[in-house]
Amino acid sequence: MPSRRIVLLGPPGAGKGTQAKLIAEKTGLLHLSTGDILRDEVARGTALGRKAKEYMDRGDLVPDGLMIGMVRGRVGGGTGFILDGFPRTVAQAEALGAITPVDRVINIALSRDEVIRRLSARRVCRRCGKIHNILFDPPQLDSRCNACEGELFRRDDDRSDVIENRYDVYTAATSPLVVFYRRKGVLREVDGSRPRAELLSEILAFLDG
């Protein structure tokens, strides 16, 4: 497979992070998760993290200027990558296009009800950060991480009311983005409710085309 510059779109809980990791394992491309980078900034209490946390706790999108500045230093030089969580607006997509071309865009579609069901069941380990889902990856010990037996907790942005807002904000912001990439002829929409392996096979076939 040639070195691709890939963008993964999809609502919270659609499996972007899971598919990005699997694609990276298969292709050797660099996986860049803006969600993980932002949470790291918040945990370390950086200026970016403090600003971003105000938006993340409400389930709102982090402003374009913060996101673009964070991504700019990580996608230059012509190296292949998989961007998970960016861009989320047309303005971000235009800024990304000015930094580096994008070869393929995959939009993982998932219904509002399924997003709420999945994310409400998500738990995170306080010790190692591993994400569990009590629907798909339940802990072997009650409220304990399968990897290190650390305490599991629900993040503030995984509360039902915040999830609903996150989905609605995402849909409003990214509907024009889907149109933007479709017009460029680089977008493929896939069904995020399908089994993980089937979804990966369809994505890899698209990337290899």
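I'd like the per residue volume of the convex hull spanned by the Cα atoms of the chain, given in cubic angstrom.
Per residue, the Cα convex hull of the chain comes to 120 Å³.
Would you work out which of 27, 42, 13 lies farthest towards the positive end of the dipole of region 1-42? Charges go on Cβ: Lys and Arg +1, Asp and Glu -1.
Value computed over the given set: 27.
In sequence order, what are the phi-derived ³J(HN,Hα) couplings for region 12-21 according to the Karplus relation 6.51 cos²θ - 1.76 cosθ + 1.60 with θ = phi - 60°, rounded to whole Hz, with x for glycine and proline?
These are the phi-based 3J(HN,Hα) values: x, x, 6, x, 4, x, 4, 5, 4, 5 Hz.
Given Cβ point charges of +1 (Lys, Arg) and -1 (Asp, Glu) and nothing else, what value in debye, to the nearest 20, does the dipole of the chain about its Cα centre take?
In debye, rounded to 20, the chain gives about 360.
What is the packing order of peptides 137-144, 124-131, taking the mean over residues of other C-beta atoms within 10 Å and listing the highest first?
Top of the packing list down: 124-131, 137-144.
For a 24 Å ceiling on Cα separation, which of these pairs sit above it: 53/184; 16/184; 26/130; 26/51; 16/53?
Beyond 24 Å: 53/184; 26/51.
Using the Karplus curve 6.51 cos²θ - 1.76 cosθ + 1.60 with θ = phi - 60°, work out ³J(HN,Hα) for each residue of region 24-38 in order, rounded to whole Hz, and write x for Gly and Pro.
4, 5, 6, 10, x, 6, 6, 9, 10, 9, 5, x, 5, 5, 5
Kindly state, as a whole number, the per residue volume in cubic angstrom of the convex hull around the alpha carbon atoms of region 48-91.
Numbers: hull volume 3.7 nm³, N = 44.
Taking only Cα atoms, region 48-91 has a hull volume of 84 Å³ per residue.
Just report the Cα centroid separation between region 27-105 and region 118-142, whole Å.
Region 27-105 and region 118-142 have Cα centres separated by 25 Å.
Pull out the extension gain between residue 44 and residue 117, defined as 0.36 nm times the separation in residues minus the alpha carbon to alpha carbon distance; nm, one decimal.
Taking residue 44 through residue 117 to full extension adds about 23.3 nm, to one decimal.
Bin by bin, in steps of 5 Å, what percent of the Cα pairs in region 157-209 do you find, going until the bin that has the longest distance?
It works out to 4, 16, 15, 18, 20, 17, 7, 2, 0, in whole percents.
Return the loop-located chymotrypsin sites (Phe, Trp or Tyr not before Pro) in region 86-188 (DSSP other than H, G, I, E, B) with at most 15 other Cβ atoms within 10 Å of their own Cβ; answer none if there are none.
136
To the nearest whole percent, what portion of all C-alpha pairs in region 118-192 is separated by more than 20 angstrom?
Looking at region 118-192, the distances longer than 20 Å represent 50 percent of pairs.
Using θ = phi - 60° and the Karplus form 6.51 cos²θ - 1.76 cosθ + 1.60, what ³J(HN,Hα) does each residue of region 156-164 get, whole Hz, x for Gly and Pro?
Each residue's phi maps through the Karplus curve to give 4, 7, 10, 6, 4, 5, 6, 4, 4 Hz.
Convert 4 °C to kelvin, take the viscosity as 1.567 mPa s, use the Kirkwood radius over C-alpha pairs of region 60-177 as Rh, and evaluate the Stokes-Einstein diffusion coefficient in µm²/s, rounded to a whole number.
Translational D for this selection: 79 µm²/s.
Can you check what the net charge comes to around residue 4, using other residues whose Cβ is under 13 Å from the Cβ of residue 4 (Lys, Arg +1; Asp, Glu -1)?
With Lys, Arg at +1 and Asp, Glu at -1, the net is +2.
Just the Cα atoms of region 11-120: what Rg and Dmax do they give in Å?
In order Rg, Dmax, the Cα atoms of region 11-120 give 14.3, 40 Å.
Taken together, the values in this text are just the output of simple stated rules run on the coordinates, not laboratory data. Bear in mind the structure is a predicted one, so any value in this text is a computation, not a measurement. Don't worry about glycine lacking a Cβ; one is built from the backbone with ideal geometry, like all the others, and counts go over all protein chains shown.
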